[in-house]
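The values are calculated or read from the model by the stated rules, or taken from the named source; none is laboratory data. Remember, predicted model here, so these are calculated numbers, not experimental data. Glycine also receives a Cβ, built like all others from the backbone with ideal geometry; neighbour counts cover every protein chain displayed.
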Amino acid sequence: MTGRPRPLVLGLETSCDETSAAVLSGDDAMLGHVILSQDVHEVYGGVVPELAARAHLQKVDAVVAEALSRAGVTLADIDVLGVTAGPGLIGALLVGVCWTKAAAYGLDKPWVRVHHMEAHLFAPSLERPEAQPPFVALLVSGGHTLLLHAVAWGEYRLLGATRDDAAGEAFDKVAKLLGLPYPGGPALERLAESGDPARHRLPRPMLRRNQRPGERDYYDFSFSGLKTAVVELVAGVEARGELDAQRAHVAAAFQEAAVDVLASKTLRAVEETGCRRVLLGGGVSANRALREEIARRLGAEGRLLHASPRLSLDNGAMVARAARFRYDRGEIAAMDGSASAALAFPGLRTDPEPRN
Ligand code: KG4
Ligand code: ZN
């Protein structure tokens, strides 16, 4: 048994294709942390929801047992159980939620429902304690693209969101089009390193100079038009028999366009809020071009906060940390609480930012 500060929180993540569990102490020490990525989806070039749920079911006991063992504790030592309750794939979410509810009931311990994207907000703080609000947050994952102003933990104002595809989804779809393996984001980033983005000109959807604060598209994103432009570009290149020679250039041009839109809108939020601290979260935040471009535009007075690649991807430690925040506020789930594929972001206000 550990002498670490309490509460000891077990965080469980099963919303998509990572089965992950972590034991987190009251001082944010990750005592045991296991992340198991499902490789079954590689064959299909994308996550198959039913297969994801089955794989979670097969692995969840072993993943939790290993996290507990690495932490040197047993389930009976855990004070609070936190689990991603949404958003995500419903079958996958239900595996984690049912496991957690059963454990909470059996142990007579509290359980907490965690919002997956709020958990991503907490990930950088596990490695860098200064990663606290206020900050502008760009959350970019396979399912979401959100631009927020986090005034304090639990107090978020929505500035913009994607109107169609998520940023990670666009990376994955373009990667697939270029014949890269799933998950496409990291593979596309590697390919783009050897390409010249200036060889192809791609559009910057929903980014125009004459947009004004207060107009919805000032902060909103759209990636499906960019994906379609890449589809057309690739078709043309392929028809000329130049796909192999152009693949890296297309990847670089796509990445540059996506990064330009994401960085431009994030910097608009920095200007309007006056907050020069930017937190990057979600799987796409592992992208080095995105990090470097935002850091460059922020300049020396700005501060870019992000997690290491391991904690940028889905993981149980961020879920445990978000669970402790909600637990400290007394937000304990009832036994009839469940998973929700479209769980509302807690504390997220959608009314416009007050102007000075
Ligand atoms: O947050 P995450 O692990 O899972 C979801 O909540 O969706 O994000 C996964 C997404 C995938 O679309 C993946 O391709 C993308 O993050 N991703 C990247 C990189 N690493 C992961 N996209 C661009 N560049 C990367 N280096
Ligand atoms: Zn995620």
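Step by step: first the residues of the range 127-147, then only those that are of a type outside the set (D, E, K, R) and away from ligand 2 (no atom under 15 Å from the Cβ), then the one that is surrounded by the fewest Cβ atoms within 10 Å (Cβ to Cβ). Which residue is that? Only one residue fits best here, namely Pro129.
Take the residues in the range 177-215 that are within 16 Å of ligand 2 (Cβ to nearest atom), in contact (Cβ under 8 Å) with a residue 24 or more places away in the chain and outside any loop (DSSP other than H, G, I, E, B), then tell me which one is surrounded by the most Cβ atoms within 10 Å (Cβ to Cβ). Please lay out each step first, then the result.
In the first step, residues of the range 177-215 are kept if they are within 16 Å of ligand 2 (Cβ to nearest atom); the result is 182-186.
Then drop every residue that is not in contact (Cβ under 8 Å) with a residue 24 or more places away in the chain, which leaves 182-183, 185-186.
Adding the requirement that they be outside any loop (DSSP other than H, G, I, E, B) leaves 185-186.
Numbers: Gly185: 26, Pro186: 18.
The qualifying residue surrounded by the most Cβ atoms within 10 Å (Cβ to Cβ) is Gly185.
Looking at the range 279-296, I want the residues that are more than 20 Å from Tyr156 (Cα to Cα) and have a partner that is within 6 Å of ligand 1 (Cβ to nearest atom) and charged (D, E, K, R) with Cβ atoms under 7 Å, at least 6 apart or on another chain. Which pairs are those? These pairs meet every condition: Asn287/Glu189; Arg288/Glu189; Ala289/Glu189. Quick check: anything in the range 274-284 under 21 Å from the mean Cα position of the chain (by Cα), more than 29 Å from Leu8 (Cβ to Cβ), part of a helix (DSSP H, G or I) and within 16 Å of ligand 2 (Cβ to nearest atom)? Yes, that holds for at least one residue.
Which of the residues spanning the range 148-176 are part of a strand (DSSP E or B) and within 16 Å of ligand 2 (Cβ to nearest atom)?
If the condition is that a residue be part of a strand (DSSP E or B) and within 16 Å of ligand 2 (Cβ to nearest atom), then Leu148, Ala161, Thr162 are the ones that fit.
Every residue, every condition in (1) β-branched (Val, Ile, Thr); (2) under 26 Å from Leu180 (Cβ atoms), yes or no:
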| residue | (1), (2) |
| --- | --- |
| Pro5 | no, no |
| Leu8 | no, no |
| Leu31 | no, no |
| Ser37 | no, yes |
| Val40 | yes, yes |
| Glu50 | no, yes |
| Val73 | yes, no |
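Being at pLDDT 95 or above, within 13 Å of ligand 1 (Cβ to nearest atom) and either of a type outside the set (Phe, Trp, Tyr) or farther than 21 Å from Gly302 by Cα (or both) is a description that does not apply to Gly142.
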